[in-house]
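Novice: Below are the structure tokens for one structure; questions will follow.
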Amino acid sequence: MFNKLISKLLPYMPEKLVWIFSKRYVAGTTIDDAIKACKELNSQGMKITLDILGEFIKTLDEAEKNKQEYLEIIDIAQKNNIDGNYSLKPTMFGLLIDKNVCYEHIREIVKKAAGYNNFVRVDMEDTQCTDMEIELFRKLKKEFPKNVGLVLQAYLKRTKDDIKNMLDLNTAEIPVNYRLCKGIYKEPKELAFKKYEEINEHYIDDLEYIFQNKIHPGIATHDKPVVDGAYKLIEKYNVPKNMYEFQMLYGVTPELRKSIIDKGHTMRVYVPFGTKWFAYCTRRLKENPKMAGMIIKALFCRG
């Protein structure tokens, strides 16, 4: 009850106060902030994926502006020799306003990245977007087979069927590339698994199916039992190191992240940045009220 109350009140707290907690998990508000963070991570042996914060826009003018920001960050990251790629959310480009306009914006971004022989990940959002985002990914994959990937959420009951239904995209020459995460959006129990153990079980089941079909996963988790389960599957199927990577969010579980790197596995860190950090952080708190207690501790008890 307390956590839910705090998560509802947080959007009304001063941004400067919330930033005390949020700055650990957001690389900054500017491109310069993001590039600095990326260089530091690269120097520690990690790859990155850059993400400009923003989602669920209200106007197509915002979509145009967001596209231009992505085109700019791609050029700047390449000029700075950043070892990384890019992630984006389709609702940031008007998916829920005009999906054709959204597609054209994202296509231009993928084309720009492809010109540098780079890669763009299409994030998966809440279930009102799932079918549209799979459709969008299919269209992009057809034109840019090496340069686009998709996020899948293991807590959704449909995810394994989605993987099966997209097997036609997977080839030995160009394996389809998914980031498999647990999922963060608040969904009804009819659509999503809710219990911790249940979600972990289905994550490992999805990951095993991915390995069985020689698909390339980004194993996106901060949960040690899931990491340990992934290790067992990698050994069981003798998966080559170039056919998977681990992925984590910026600022989260650095000790576990280091242990994965020390074992010789590829690690990619998701680096979010931008002026929309406040909405990003408060939105995540509404979806995960248990984090509220962590924030209060960070704000008032951190020494």
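The numbers here are math on the coordinates, done by the rules we state, and not lab data. Since the model is a prediction, treat every value here as computed from it, not as a measurement. We place every Cβ from the backbone using ideal geometry, glycine too, and count neighbours over all the protein chains shown.
Novice: FRET efficiency for ASN213 and LYS111, Cβ-Cβ distance as r, R0 = 25 Å, nearest 0.05?
Specialist: With a Förster radius of 25 Å, E is 0.30.
Novice: A further question follows. Can you give the calculated 222 nm mean residue ellipticity of the chain, where each DSSP H run of n ≥ 4 adds -39,500 (n - 2.57) and the sum is split over every residue, rounded to the nearest 500 deg cm²/dmol?
Specialist: Value at 222 nm, helices only: -15000 deg cm²/dmol.
Novice: Starting from region 96-171, pick out the trypsin sites (Lys or Arg not before Pro) whose DSSP state is loop and whose Cβ has at most 14 other Cβ atoms within 10 Å.
Specialist: Passing both the DSSP loop test and the Cβ count: LYS146, LYS157.
Novice: Here is a follow-up. Check each of the trypsin sites (Lys or Arg not before Pro) in region 40-87 and keep only those in coil by DSSP with at most 16 other C-beta atoms within 10 angstrom; list them in order.
Specialist: Those that pass, being in a loop and sparsely packed, are LYS58.
Novice: With r as the distance between the Cβ atoms of ILE134 and ALA279 and R0 = 30 Å, compute the FRET efficiency 1/(1 + (r/R0)^6) and round to 0.05.
Specialist: The pair ALA279/ILE134 has a calculated efficiency of 0.75.
Novice: Taking amide H atoms as placed 1.01 Å from N in the peptide plane, list the residues 5 or more away in sequence, or in a different chain, whose amide H sits under 5 Å from that of TYR250.
Specialist: TYR270
Novice: I would also like to ask the following. Placing +1 on the Cβ of each Lys and Arg and -1 on the Cβ of each Asp and Glu in the chain, which of ASN100, PHE278, LEU53 has its Cα farthest towards the positive end of the resulting dipole?
Specialist: Comparing the listed Cα positions along the dipole, PHE278 ranks first.
Novice: With Cα extents along the principal axes in Å defined as stated, name the option among (i) 56, 51, 32; (ii) 56, 45, 34; (iii) 52, 43, 42 computed from the structure displayed.
Specialist: The value computed from this structure is option (iii).
Novice: For region 89-184, which GluC sites (Glu not before Pro) are in a loop by DSSP, counting at most 10 other Cβ atoms within 10 Å?
Specialist: GLU173
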